[in-house]
Amino acid sequence: MKLQELDISGPAGRIAGWSAGERTPDEPAVLLIHPINTQGRIWAEVVELLDPRGHCVMPDLRAHGGSDASGEFSLAAWTADCLAVIERELPSGPFHVVGGSLGGPLACCVAAALPERVVSVTAIGSSLNFDGVEVSGVLDMFDRLGVEGTFRTVFPTLTFGPGCSQEVIDKALELANPNDVETVKRVWAATIESDATEPASRTHCPALVISGEHDVTCTPALGLEMARVLRTSQVILPDIGHMPMLECPERIARLLDRQFAGNGSV
């Protein structure tokens, strides 16, 4: 699969990212929104496994990957980035939206903004808000260990499920946010302050919520609440943590195939 590089003028600077697959009039495109502090290429293996694979767009949100780290960081700001990508890469026709972690709430925001075009939403390792999440400890860790040091500490112990291979952890480190400590702290703080309950309540297309059994960031209980607001079902992935798109890309691709075909998760 050949990835094409994106270079888009967004509301706060350059938006980078990747696309794959040909645009076809018969197959809805797919917008895939990455978890915070990763980048669009985190979806590459899942996209490779989709069958059929239409036109897939994997942007880097602002302050992630190759995109500029300028402007406000918030649910509204990152939604604006997604809408700019859609205007440029998906200017017409229906499309599916898939999001990981905060990408799930952002998928709901996109669906609420473009209800006539979004044909399904899939949230993977997501929750609508982060009430009760302790913020200061994580911010202190970034100050003490730096960005790479924090991810090297957190990924094996908290992010991934038990038994996750070192190869997958190394891939996640390769795809982690390349920005400086202050930028990454701002991204984290903006995420914890976000709440997508209202746009999710206005999302009326078919939806699916997928949660890892061992996700301690967006727990299965939080995923179930998201499914309740979206009036849909939840799939629990045994032995999986917060990054199913890296931990079990084959299973995610099959679930997406069924969702895109209108057959849901059963």
Select from the stretch 123-154 the residues that are out of contact with any Cys (no Cβ under 9 Å at 6 or more places or on another chain) and of a type in the set (Phe, Trp, Tyr) and write down the one among them that is farthest from residue 243 (Cα to Cα). 142
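Does residue 123 satisfy the criteria of being surrounded by fewer than 24 Cβ atoms within 10 Å (Cβ to Cβ), out of contact with any His (no Cβ under 9 Å at 6 or more places or on another chain) and not polar (S, T, N, Q)? Don't jump to the end; show me each part of the working.
Working: surrounded by fewer than 24 Cβ atoms within 10 Å (Cβ to Cβ): no; out of contact with any His (no Cβ under 9 Å at 6 or more places or on another chain): yes; not polar (S, T, N, Q): yes.
In short, no.
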I want to confirm something. Restricting to the stretch 203-218 and keeping residues that are modelled with pLDDT of 95 or more and of a type in the set (S, T, N, Q), which single residue is surrounded by the fewest Cβ atoms within 10 Å (Cβ to Cβ)? 203
Among the candidates 130, 160, single out the residue that is buried (at least 16 other Cβ atoms within 10 Å of the Cβ), modelled with pLDDT under 95 and not basic (Lys, Arg). 130
Qualifying positions in the stretch 234-251 - touching a residue at least 24 places away in the same chain (Cβ under 8 Å) and touching a Leu at 6+ places or on another chain (Cβ under 7 Å): 234, 235, 244, 249, 250
Across the stretch 47-64, what is the total count of residues that are over 24 Å from residue 199 (Cβ atoms) and at pLDDT 95 or above? 5
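Each row is one residue, and each column tells you yes or no for (1) closer than 23 Å to residue 147 by Cβ; (2) of a type in the set (Phe, Trp, Tyr); (3) assigned to a helix (DSSP H, G or I).
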{"site": "182", "(1), (2), (3)": "yes, no, yes"}
{"site": "200", "(1), (2), (3)": "no, no, yes"}
{"site": "210", "(1), (2), (3)": "no, no, no"}
{"site": "221", "(1), (2), (3)": "no, no, yes"}
{"site": "227", "(1), (2), (3)": "no, no, yes"}
{"site": "242", "(1), (2), (3)": "yes, no, no"}
{"site": "252", "(1), (2), (3)": "no, no, yes"}
Mind listing just one residue for me: the one in the stretch 23-48 that is over 30 Å from residue 187 (Cα atoms) and of a type outside the set (Asp, Glu) and, of those, surrounded by the most Cβ atoms within 10 Å (Cβ to Cβ)? 28
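Going by the structure shown, is residue 111 under 20 Å from residue 209 (Cα atoms) and small (Gly, Ala, Ser)?
Details: under 20 Å from residue 209 (Cα atoms): yes; small (Gly, Ala, Ser): yes.
In short, yes.
Taking residue 182 as the residue in question, decide whether it is exposed (fewer than 14 other Cβ atoms within 10 Å of the Cβ), over 21 Å from residue 45 (Cβ atoms) and of a type in the set (D, E, K, R).
Values: exposed (fewer than 14 other Cβ atoms within 10 Å of the Cβ): yes; over 21 Å from residue 45 (Cβ atoms): yes; of a type in the set (D, E, K, R): yes.
Spelling it out, residue 182 is indeed exposed (fewer than 14 other Cβ atoms within 10 Å of the Cβ), over 21 Å from residue 45 (Cβ atoms) and of a type in the set (D, E, K, R).
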Can residue 162 be described as farther than 23 Å from residue 208 by Cα, out of contact with any Lys or Arg (no Cβ under 9 Å at 6 or more places or on another chain), part of a loop (DSSP other than H, G, I, E, B) and not hydrophobic (A, V, I, L, M, F, W, C)? yes
Give me the pairs: first residue in the stretch 141-153 and within 15 Å of residue 64 (Cβ to Cβ) and part of a helix (DSSP H, G or I), second residue among the polar types (S, T, N, Q) and modelled with pLDDT of 95 or more, beta-carbon distance under 9 Å, and six or more apart or on different chains, which are they? 147/37; 147/177; 147/179; 147/183; 151/37; 151/159; 151/177
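The values are calculated or read from the model by the stated rules, or taken from the named source; none is laboratory data. Note that the structure is predicted; figures quoted are calculated from it, not measured. Neighbour counts are summed over all protein chains in view; Cβ atoms, including those assigned to glycine, are modelled from backbone coordinates with ideal geometry.
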